[in-house]
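These notes concern the structure reproduced below.
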Amino acid sequence: MEKLGLLRDIDLALHLPLRYEDETRITPIGLAREGQVVQCEGEVVECRIELRGRRQLIVRIEDESGELLLRFLHFYPSHQKSMAVGQRLRVRGELRGGFFGREMVHPAFKVVNEDTPLADSLTPVYPASASLPQVYLRKAVASGLKRAALEEVLPPGVVPADLPTLREALDFLHHPPPEASLATLEDHSHPAWQRLKFEELLAQQISQLQAQRERARLKAPALTARRGGLHEQLLAALPFGLTGAQQRVGEEIAQDLARPQPMHRLLQGDVGAGKTVVAALAAAVAIDAGWQCALMAPTEILAEQHFRKLVGWLEPLGLKVAWLTGSVKGKARQRMLDAAADGSAQLVIGTHAVIEDKVKFAKLGLAIIDEQHRFGVAQRLALRKKLASMALEPHMLMMSATPIPRTLAMTYFADLDVSTIDELPPGRTPIVTKVFADGRRDNVIERIRDEVETRAAQAYWVCPLIEESEALDLKNAIETHAELSIALPGRAVGLLHGRMKPAEKAAVMAEFSAGRMSVLVATTVIEVGVDVPNASLMVIEHAERFGLSQLHQLRGRVGRGAVASVCVLLYTGPLSQTGKERLKAMAETNDGFEIARRDLDIRGPGEFMGSRQSGAELLRFADLQEDAPLLQAARQLAPALLDRHADAARRHVERWLGTKAEFLKA
Ligand code: ADP
Ligand code: MG
């Protein structure tokens, strides 16, 4: 029960049936049709064990209209006793046309007498688990439903008039009367369903609004760019000019920073759109104003790369950048911690290590989270709390290449301002994506050799992801590395995988970045953010095993410079339907927003976000696409409800979200 999250009465009441079984009527045997699931009742006229192929129990029952064979492949002596000749049985199962006549294999059965009553409502079938039998669950839910406090919390007039009360809706959904429309129950369009969805969406909208209002009351340091300050100096020192989109989002961020309320902004832009420099410029503003900045990235490789890039940009301007990851140990670590705590490091870059309790900042003014979707909500909250001692909150800038679809933005990220870089830096040639069956592997290696020899190209070779076994994963990468080393004599072929020490990884990355290595064989450790502009070939093996956004991220490692780039997706068939759709999407578009839209189509919003992203359970009942009108209604109601019926709003949120409401704030 705990695993299914069924602890409180309200949880049980909200554990809704997957489907229903109709045990409210008896179908005369003669009228039942093959392929139908029916309930019949009759008297046993024969009961014997047969040894046809394997031992089985054959029971024949009949009513006035015909006869029916029951076949049991697993049975106990007790079965024979209860189904002895002369007993009256009520059986339920799928009717099949067998060789020996119409039959049911392993029907549910019950010994009855002439006046055993029929069920007076449809029988619910609940999502269950192997160790939790349906019968037990039915009883538990029925009593939970009875006990649950389901009084109407919302003031009259709030709920659309054509919808039932919450109590009515739930009673109905758990025990629909025999004449209920199964179609509207199953497609969730029944008013009882609508009521639940509305409740849920409303709770979610109210809590979003609460979070938004709470944040508006928080204080943050107002950070403004100085004329001739660091911001301008950095801009002047960059080897390129900003794109129009970068300037625009930079301006949006600057306006937020200048306010005394904490910024809560998502910077989204396709892979390679140039988010890092925008972040660096924001950091320059914060530092110039006398505050510190923290930059957190999900992997060591990415953190290291940011570190090198930002050191290159900022140290010439006289800034001190500290480096903090799990692998920085001992004295070096203490030095970094001290530099963060006494404020001498103006910028601290690192992995999750940055949010550990031991890490203190003297004056954290801006927290930047790269690839924010890779972090949990709790981690984002932790970074925000790093300034708690001063009764101020730092500004937050989150970055992601995975755009949030509009309906999700309206629900889960209503409290987030979004800036979008919708333009790539000039001079990029679009990546050409090719999809090949694994049989073409040798041709692909041949092609890599050509490219490496004739134009000193650099290639990534991403090895299959073997989720069940990290050891196999590694073996694969090592073998591919050996194979490519042989195919490319005289060229450096590197290997990068998750088991390597951070220093080893960094050394390999440095070789590849410097152009001294032709091919880098890697596991998915290179997935996010890695930036080597000269790399122009990407091979992804067993591409069918990757998710769409992951493929797009991987592909985004090439096409970062002016060289024309190619991405080869090798797959091993047979492909599943979704596998086909994913590869097709990759071949058809390079546009991250389009990819995200298709991903949403293929996977649905639940998976799209994952629990890591939402922090709270996703909508259980409502569907963002289908229930857009209800969502709209809930959105309009939320402010008035919060203003005029604060207590009802609070109780409603409490009932629906409980402690999860806290998470929605991140
Ligand atoms: P992402 O948005 O995926 O994080 P990066 O910030 O890593 O992208 O930028 C990708 C590459 O483009 C980097 O090498 C970066 O230096 C370069 N770049 C960023 N902005 C521009 C620009 N305006 N003009 C030319 N190159 C740029
Ligand atoms: Mg990046």
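Counting only strands (runs of 3 or more DSSP E) that fall entirely inside the range 471-590 and contain at least 1 residues that are within 16 Å of ligand 1 (Cβ to nearest atom), the qualifying elements are 535-540, 566-571.
Quick one: count up the residues across the range 293-323 that are over 28 Å from the mean Cα position of the chain (by Cα) and hydrophobic (A, V, I, L, M, F, W, C).
At the first step, the residues of the range 293-323 found to be over 28 Å from the mean Cα position of the chain (by Cα) are 293, 307-323.
Applying the additional criterion that residues be hydrophobic (A, V, I, L, M, F, W, C) yields 293, 307, 310-311, 313-314, 317, 319, 321-323.
Summing the residues that are over 28 Å from the mean Cα position of the chain (by Cα) and hydrophobic (A, V, I, L, M, F, W, C) in the range 293-323 gives 11.
Note on the range 277-298: residues that are under 16 Å from Gly326 (Cα atoms) and buried (at least 24 other Cβ atoms within 10 Å of the Cβ) total 4. Arg555 fulfils the conditions (1) touching a residue at least 12 places away in the same chain (Cβ under 8 Å); (2) under 13 Å from Gln458 (Cβ atoms) except for a single criterion, (2). Selection of first residues in the range 528-548 that are within 13 Å of ligand 2 (Cβ to nearest atom) and of second residues that are of a type in the set (Ser, Thr, Tyr), restricted to Cβ pairs under 7 Å at least 6 apart or on distinct chains, gives the following pairs, ordered by first then second residue: Val528/Thr299; Val532/Ser513.
When Gly318, Gly274 are checked against the criterion of being surrounded by fewer than 22 Cβ atoms within 10 Å (Cβ to Cβ) and more than 11 Å from ligand 2 (Cβ to nearest atom), Gly318 stands alone in meeting it.
Scan the range 285-310 for residues that are in a helix (DSSP H, G or I) and either away from ligand 1 (no atom under 14 Å from the Cβ) or under 23 Å from Ala258 (Cβ atoms) (or both) and jot them down.
Within the range 285-310, the first condition is being in a helix (DSSP H, G or I), and the residues that meet it are 285-288, 300-310.
Correct list: Val285, Ala286, Ile287, Asp288, Glu300, Leu310.
The condition (being open to solvent by 60 Å² or more (accessible area, probe 1.4 Å) and either in contact (Cβ under 8 Å) with a residue 24 or more places away in the chain or touching a helix residue (DSSP H, G or I) at 6+ places or on another chain (Cβ under 9 Å) (or both)) is satisfied by just one residue among Arg259, Arg265: Arg259.
Here Val159 does not qualify as of a type in the set (A, V, I, L, M) and touching a Ser or Thr at 6+ places or on another chain (Cβ under 7 Å). Taking the listed residues Gly228, Gly250, Gly241, the one that is without any contact (Cβ under 8 Å) to a residue 40 or more places away in the chain and within 16 Å of ligand 2 (Cβ to nearest atom) is Gly250, with no other qualifying.
Can you confirm whether Gly35 is in contact with a strand residue (DSSP E or B) (Cβ under 8 Å, 6 or more places away or on another chain) and open to solvent by 30 Å² or more (accessible area, probe 1.4 Å)? For Gly35, the condition - in contact with a strand residue (DSSP E or B) (Cβ under 8 Å, 6 or more places away or on another chain) and open to solvent by 30 Å² or more (accessible area, probe 1.4 Å) - is met.
Looking at the structure I just gave you, is Gly98 out of contact with any helix residue (DSSP H, G or I) (no Cβ under 6 Å at 6 or more places or on another chain) and either on the phi > 0 side of the Ramachandran plot or at pLDDT 90 or above (or both)? It is false that Gly98 is out of contact with any helix residue (DSSP H, G or I) (no Cβ under 6 Å at 6 or more places or on another chain) and either on the phi > 0 side of the Ramachandran plot or at pLDDT 90 or above (or both).
All of Arg374, Arg333 fail the test of being open to solvent by 20 Å² or more (accessible area, probe 1.4 Å) and under 23 Å from the mean Cα position of the chain (by Cα), apart from Arg374.
Within the range 356-365, none of the residues are in the same structural domain as Arg226 (by TED's automatic domain parsing), in a helix (DSSP H, G or I) and in contact with a Lys or Arg (Cβ under 6 Å, 6 or more places away or on another chain). Taking residues in the range 565-583 that are more than 19 Å from Glu594 (Cβ to Cβ), and partners anywhere that are of a type in the set (Lys, Arg), the pairs with Cβ atoms closer than 7 Å and at least 6 places apart or on different chains are Val566/Lys434; Val568/Lys434; Leu570/Arg441. Looking only at residues of the range 390-404 that are within 13 Å of ligand 1 (Cβ to nearest atom), part of a loop (DSSP other than H, G, I, E, B) and open to solvent by less than 20 Å² (accessible area, probe 1.4 Å), we find that the one that is farthest from Leu416 (Cα to Cα) is Ala401.
Listed by position, the strands (runs of 3 or more DSSP E) enclosed by the range 412-466 that each have at least 3 residues that are open to solvent by 30 Å² or more (accessible area, probe 1.4 Å) and touching a strand residue (DSSP E or B) at 6+ places or on another chain (Cβ under 6 Å) are 417-421, 432-437. Residues that are open to solvent by 50 Å² or more (accessible area, probe 1.4 Å) and of a type in the set (A, V, I, L, M, F, W, C) within the range 79-127 comprise Val85, Phe99, Phe100, Ala108, Phe109, Val111, Leu118, listed in sequence order.
Quick one: in the range 164-200, of everything that is touching a helix residue (DSSP H, G or I) at 6+ places or on another chain (Cβ under 6 Å) and free of Cβ contacts under 8 Å to residues at least 40 places away in the same chain, which residue is surrounded by the most Cβ atoms within 10 Å (Cβ to Cβ)? So, considering only residues that are touching a helix residue (DSSP H, G or I) at 6+ places or on another chain (Cβ under 6 Å) and free of Cβ contacts under 8 Å to residues at least 40 places away in the same chain, the one surrounded by the most Cβ atoms within 10 Å (Cβ to Cβ) is Arg195. Note on the range 164-209: among residues that are of a type in the set (A, V, I, L, M) and more than 14 Å from Pro17 (Cβ to Cβ), the one that is nearest to the chain's Cα centre (by Cα) is Leu201.
The values are calculated or read from the model by the stated rules, or taken from the named source; none is laboratory data. Computed from a predicted model, the values in this text were never measured in an experiment. A quick note on method: Cβ atoms are made from the backbone with ideal geometry, for glycine too, and the neighbour counts reach across all protein chains shown. SASA here: full protein model, heavy atoms, side chains in, ligands and nucleic acids out. Shrake-Rupley method; radii C 1.70, N 1.55, O 1.52, S 1.80 Å.
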